[in-house]
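The values are calculated or read from the model by the stated rules, or taken from the named source; none is laboratory data. Fair warning: this is a prediction, and the values are worked out from it, not measured in the lab. Reconstructed Cβ throughout: ideal geometry from the backbone, glycine too, with neighbour counts over all protein chains shown. Keep in mind that these areas ignore ligands, DNA and RNA; they rest on the heavy atoms of the full protein, side chains included. Shrake-Rupley method; radii C 1.70, N 1.55, O 1.52, S 1.80 Å.
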Amino acid sequence: MLDLLIQVWSKQNKRAIACLSLAPLAIGCAAAGVLDSLPDPAASRASEETLVAGEPMAPQPERALSEPAASSSQQFALADNNLAIDLEVGMQYADARARLLKKGWVPVEAPEPGPYGVERMAYDAGFTEVAGCAGTGAGQCRFDFIHPGEQKSLAVITYGGSRLEVAGWNVQSVSPAVAAAAASSSSAAQVQRVIPMQFQGEWNFSLEGCGVGHSDGRLLIGLNRIEFYESSGTVLEVVTQGGHKIMVTSEYASEGEIYTETDSFELSSDRSVLTHSDANVVRYRCSN
């Protein structure tokens with residue numbers, strides 16, 4: 001009787017029994033699904049190690065294939081092959097000036113400055129095209145040129161006060177009338193009353209004679225005075241031809257005699273050698 005009751009009950013509740021028997025499987029499946037969605041711990045550790053070993057870098061800007069863009073003045077210089085402005089930032093102004101003169105640029109003589117300051121020093125050194133200097137900051141100065149044939153004006157800016165190192169330059173177009181007027185009032189061969197700074201100092205036939213007062217090869221060149229071994233002269237007139245050639249007319253006194261003489265000097269490109277053209281004599285710059 002009991003068996004019969006169990007069979008009847010089982011038939012009536014077989015769906016519940018099936019559900020009860022499937023419950024562990026469902027739970028297992030659900031658990032398996034959850035675990036499948038979770039990252040594998042070993043794989044996660046490997047991924048972390050990979051990221052640490054090859055940690056991604058921040059995006060880097062692409063390296064330019066061409067040279068850096070030039071300044072506006074440099075762009076003009078590169079574009080205008082006729083003028084071919086061959087200047088470099090940081091070069092000495094005397095060297096820059098010499099290059100410009102060779103290319104046909106004419107210094108525009110400025111009004112004579114006052115008795116003091118960098119402007120006065122530059123003017124006395126033969127750079128009469130100095131238009132003005134700043135008394136503070138980087139000690140900038142401006143020097144003006146004109147190119148009559150190309151009808152262009154050029155302003156060269158220096159910094160460093162009396163060191164006069166090129167900081168930049170700017171070229172602009174001018175009218176034919178302005179170019180002609182500027183050219184007529186200026187000349188590539190400048191006449192002045194003092195010897196340019198790059199020629200000044202002590203020179204000698206050999207470096208061993210430098211600093212020796214009785215050396216017969218010694219030549220002292222000052223702002224407005226020249227001293228040879230046996231004679232000395234006061235400068236009356238200086239004609240500059242570029243930054244490396246000058247003709248100096250001086251009044252000399254030697255052994256009671258006073259006379260006037262003109263001497264031509266040429267400076268090497270590195271300013272270390274001075275050739276006395278008239279006497280065909282070469283002297284070397286003393287370090288002091």
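Grab the Cα-Cα distance for ASP270 and ALA134, subtract it from 0.36 nm times how many residues apart they are, and report the gain in nm with one decimal.
46.1 nm
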Linear extension gain, ALA181 paired with GLU208, 0.36 nm per residue minus alpha-carbon span: 4.7 nm
Heavy-atom accessible area per residue - the stretch 95-144, 1.4 Å, Å²: 46 Å²
Residues GLU165 and GLU237, FRET efficiency given R0 of 30 Å [Cβ-Cβ distance, rounded to 0.05]: 0.55
Surrounding net charge for GLU202, when Lys and Arg each add one and Asp and Glu each subtract one, Cβ distance under 15 Å: +2
Per DSSP, loop GluC sites (Glu not before Pro) in the stretch 185-288 with at most 11 further Cβ within 10 Å: GLU230, GLU255
Trypsin sites (Lys or Arg not before Pro) within the stretch 82-115: DSSP coil, no more than 13 neighbouring Cβ in 10 Å: none
Summed side-chain charge close to GLU129 - residues other than GLU129 whose Cβ falls under 10 Å, Lys, Arg +1, Asp, Glu -1: 0
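Whole number in Å², please: accessible area per residue of the stretch 224-288, 1.4 Å probe, ligands, DNA and RNA not counted.
I get 55 Å² per residue for the stretch 224-288.
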